[in-house]
Amino acid sequence: MTEQGVPGQGAAADLAGASQASRTEPGSMADQIGRRLREARLARGISLREMARRIGVSPSFVSQVERAKANPSVGTLYAFVTELGASLDELTAERPAPGADAPDIPAGQADQAGPGPAGQPDGAQLSWDPRTAAWPRIGAPVQRAHDRRRIQLSGVVWERLTHDDDPYTDFLYVNYAPGSASCPENDMMRHGGREFGCIVSGRIDIQIGFDLYHLDPGDSIHFDSTTPHRLSNPYDEPCTGIWVVIARREDNRVTGSPASASSNHLPGLL
């Protein structure tokens, strides 16, 4: 799942965002995701310092994620994606993204008034309406289990269940290792859209607002993602599930609240 909360500060936020951030293997999906995050940031004219300020971490941590030197938590990755107006599909797509070799932006040039998510001016409203949305053409309807695109986070793994990119829906197979969580306990997250999840194996605790739910295999859940939420696995076995997030790109603009660093909540069991 993904969630948004109050932006963290400095080193403390880095620890929360990385939550035991692990080193990544060269040539891994983490390398591609780091490059795509950097490309998206540069394309939007946002400096490292400004990006760090917007999502509540240090510039050095942003750099480490972009260089695949650290794995962010589910919440922190969603914060990146939400702030950039991007999608998981864009991070994992096979097609190359332009701007990979572009020089970074001097802090003074972008820290003042960088564009908002998706290149929109700050405060611009985004509207997702399923009746008018331009759904992309489906090229390959089947995604084989052995060839899923995979994202390794801190204790959490997401595998995309769609072969084609989908700008409106995140459809994922998620795995929460024992002791893992989508975000810090005192920094729950929220974002646009709605989430739907079903537990395949293991158990998971999901807090939505002030309510805590304990889910067992076969249990399912759905909720408004703008409500602060957190997924955690305090048990001694992994938890796997199917998770769907619809219209996440509406992010906090749905409620008019500012985007926060914790707004990186990934699909439910992510």
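Some observations on this one:
- Only one of the listed residues (SER127, SER63) is at pLDDT 75 or above, more than 28 Å from SER220 (Cβ to Cβ) and of a type in the set (Ser, Thr, Tyr). That residue is SER63.
- Breaking point among (1) at pLDDT 85 or above; (2) within 26 Å of THR169 (Cβ to Cβ); (3) of a type in the set (S, T, N, Q), for GLN32: (1)
- Near pairs, Cβ below 9 angstrom, 6+ apart or cross-chain, from region 151-170 (open to solvent by 30 Å² or more (accessible area, probe 1.4 Å)) to any residue that is among the basic types (Lys, Arg) and assigned to a strand (DSSP E or B): GLU159/ARG150
- Counted residues, region 211-221 - those being surrounded by 15 or more Cβ atoms within 10 Å (Cβ to Cβ) and hydrophobic (A, V, I, L, M, F, W, C): 2
- Selection status of GLY75, in a helix (DSSP H, G or I), small (Gly, Ala, Ser) and either modelled with pLDDT under 50 or open to solvent by 30 Å² or more (accessible area, probe 1.4 Å) (or both): no
- Residue check, PRO96 surrounded by 14 or more Cβ atoms within 10 Å (Cβ to Cβ), modelled with pLDDT under 90 and assigned to a loop (DSSP other than H, G, I, E, B): no
- Filter pass, SER257 being modelled with pLDDT under 95 and crowded, with 19+ Cβ neighbours inside 10 Å: no
- Some residue of region 15-23 being surrounded by fewer than 22 Cβ atoms within 10 Å (Cβ to Cβ), modelled with pLDDT under 85 and assigned to a helix (DSSP H, G or I): yes
Matching residues to (1) surrounded by fewer than 17 Cβ atoms within 10 Å (Cβ to Cβ); (2) hydroxyl-bearing (Ser, Thr, Tyr); (3) free of Cβ contacts under 8 Å to residues at least 24 places away in the same chain:
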residue	(1), (2), (3)
VAL174	no, no, no
ALA177	yes, no, no
CYS183	no, no, no
ARG190	no, no, no
GLY209	yes, no, yes
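The values are calculated or read from the model by the stated rules, or taken from the named source; none is laboratory data. All figures in this text were calculated on a predicted structure; none of them were measured in a lab. Heads up, the Cβs are rebuilt from the backbone with ideal geometry, glycines too, and the neighbour counts pull from every protein chain shown. Accessible surface areas use protein heavy atoms only, side chains included; no ligands, DNA or RNA. Shrake-Rupley method; radii C 1.70, N 1.55, O 1.52, S 1.80 Å.
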